[in-house]
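Peer 1: If you scroll down you'll find the structure; I have some questions about it.
The values are calculated or read from the model by the stated rules, or taken from the named source; none is laboratory data. Remember, predicted model here, so these are calculated numbers, not experimental data. Reconstructed Cβ throughout: ideal geometry from the backbone, glycine too, with neighbour counts over all protein chains shown.
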Amino acid sequence: MWILKKINNNCALARDDSGQDLVVFGRGIAYRRPPYELKDLSQVERTFYGVGGASVAALKDIPEDVLLLAADIIDFASDKLDVDFNPNAPVTLADHINFAIERVKSGVVIETPLAFDVMRLYPREVKIARRAITLIKSRLKLELPEAEVTNIALHLIDGEAEQSNMDATVRATRVIDDVTRIVARHLGKIDTASFTYARFAMHVRFLVDRIQSGEESDSGMGAMLPVMRREYPDAFKCVADILAYFVTEQGWKCDESETLYLLMHVQRLATSLEGPEAN
């Protein structure tokens, strides 16, 4: 293995014997001026293949213990979720954790309005994120706020999504555009730059991902649908058109729980158009 370029004293760009470029981590591995041939591979503690340019640049400012912790979290998540993560996932997660630590030390608290949606739609990622918070407390001796459970879960979701089939991603994007047009026919012009719309679009994306993966909703909240339907008849007409589109154009069916949450998001959009956005 050849060490090609120093990132910091313990991290470097390298090339293995098969000619593949990678990032290597090891105590003092870049003290010696590159390029040089590393013959004692026991010096290498972790390897990261396929890391992109932006992530490589970020490595310079990430503490070693944070990087190794993030890599362990991604390994654990990959095993539990049975998915392959984007090669940049350990670095982007480490960068986020490092920034979150800095915010805590500075007394800055950032709330995550998407927490409810993420916890409902991605319970496995949330469970892993909670374990990550516990590991951070144990290994870094710092307790992150509850909001970081959602933030870390979102990083896991993003890492999975970036490895997903491109056709599925293109299809999901098209569905979001089609659903947005249906909603606009019912509610009028929608501010697609608003937070309420962003939250709605994310919900639709989560819904599409779940349908395409064959994952079923198990929230058990569908029993509330008749009540909400009576309370918000106009929003339900919009949802009915969305459901009809799902069936006729995509061959999808939503259960009552998903229909309920879709109704709630459409109604939230409608409310935001009636006055200043509350979120």
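Peer 1: Just give me the residues in the stretch 59-111 being in a loop (DSSP other than H, G, I, E, B), surrounded by 17 or more Cβ atoms within 10 Å (Cβ to Cβ) and among the β-branched types (Val, Ile, Thr), in sequence order. Steps first, answer last, please.
Peer 2: Here is the first cut: in the stretch 59-111, the ones in a loop (DSSP other than H, G, I, E, B) are 60-63, 82-88, 107-111.
Subset that is surrounded by 17 or more Cβ atoms within 10 Å (Cβ to Cβ): 62, 85-88.
Correct list: 62 only.
Peer 1: Could you check the stretch 141-165 and list, in sequence order, the residues that are charged (D, E, K, R) and either modelled with pLDDT under 85 or over 13 Å from residue 127 (Cα atoms) (or both)?
Peer 2: Going through the stretch 141-165, the residues charged (D, E, K, R) turn out to be 141, 143, 146, 148, 158, 160, 162.
Listed by number, the residues that qualify are 141, 143, 158, 160, 162.
Peer 1: Ok, one more. So is residue 126 on the phi < 0 side of the Ramachandran plot, outside the structural domain of residue 263 (by TED's automatic domain parsing) and modelled with pLDDT of 90 or more or not? Reasoning before the result, please.
Peer 2: On the way: on the phi < 0 side of the Ramachandran plot: yes; outside the structural domain of residue 263 (by TED's automatic domain parsing): yes; modelled with pLDDT of 90 or more: yes.
For residue 126, the condition - on the phi < 0 side of the Ramachandran plot, outside the structural domain of residue 263 (by TED's automatic domain parsing) and modelled with pLDDT of 90 or more - is met.
Peer 1: Within the stretch 34-61, how many residues are in contact (Cβ under 8 Å) with a residue 24 or more places away in the chain, in contact with a strand residue (DSSP E or B) (Cβ under 9 Å, 6 or more places away or on another chain) and more than 15 Å from residue 10 (Cβ to Cβ)?
Peer 2: So the count comes out to 7.
Peer 1: Considering only the stretch 8-52, state which residues are of a type in the set (Val, Ile, Thr), in a loop (DSSP other than H, G, I, E, B) and touching a Cys at 6+ places or on another chain (Cβ under 9 Å).
Peer 2: Within the stretch 8-52, just 29 meets the criteria.
Peer 1: Which one of 69, 135, 93, 144 is in contact (Cβ under 8 Å) with a residue 60 or more places away in the chain and farther than 30 Å from residue 17 by Cβ?
Peer 2: Answer to the selection: 135.
Peer 1: Could you grab me the full set of residues in the stretch 118-132 that are buried (at least 17 other Cβ atoms within 10 Å of the Cβ), of a type outside the set (Lys, Arg) and part of a helix (DSSP H, G or I)? Let's see the steps before the verdict.
Peer 2: Applying the first criterion (buried (at least 17 other Cβ atoms within 10 Å of the Cβ)) to the stretch 118-132 yields 118, 120-122, 125-126, 128-129, 132.
Cutting the leftovers down to of a type outside the set (Lys, Arg) gives us 118, 121-122, 125-126, 128-129, 132.
Across the stretch 118-132, the qualifying residues are 118, 121, 125, 126, 128, 129, 132.
Peer 1: Any residue at all in the stretch 2-12 that is farther than 26 Å from residue 84 by Cα and among the charged types (D, E, K, R)?
Peer 2: There is at least one residue in the stretch 2-12 that is farther than 26 Å from residue 84 by Cα and among the charged types (D, E, K, R).
Peer 1: Taking the stretch 7-45, which residues are out of contact with any Lys or Arg (no Cβ under 6 Å at 6 or more places or on another chain) and either among the acidic types (Asp, Glu) or in the same structural domain as residue 86 (by TED's automatic domain parsing) (or both)?
Peer 2: 16, 17, 37, 40, 45
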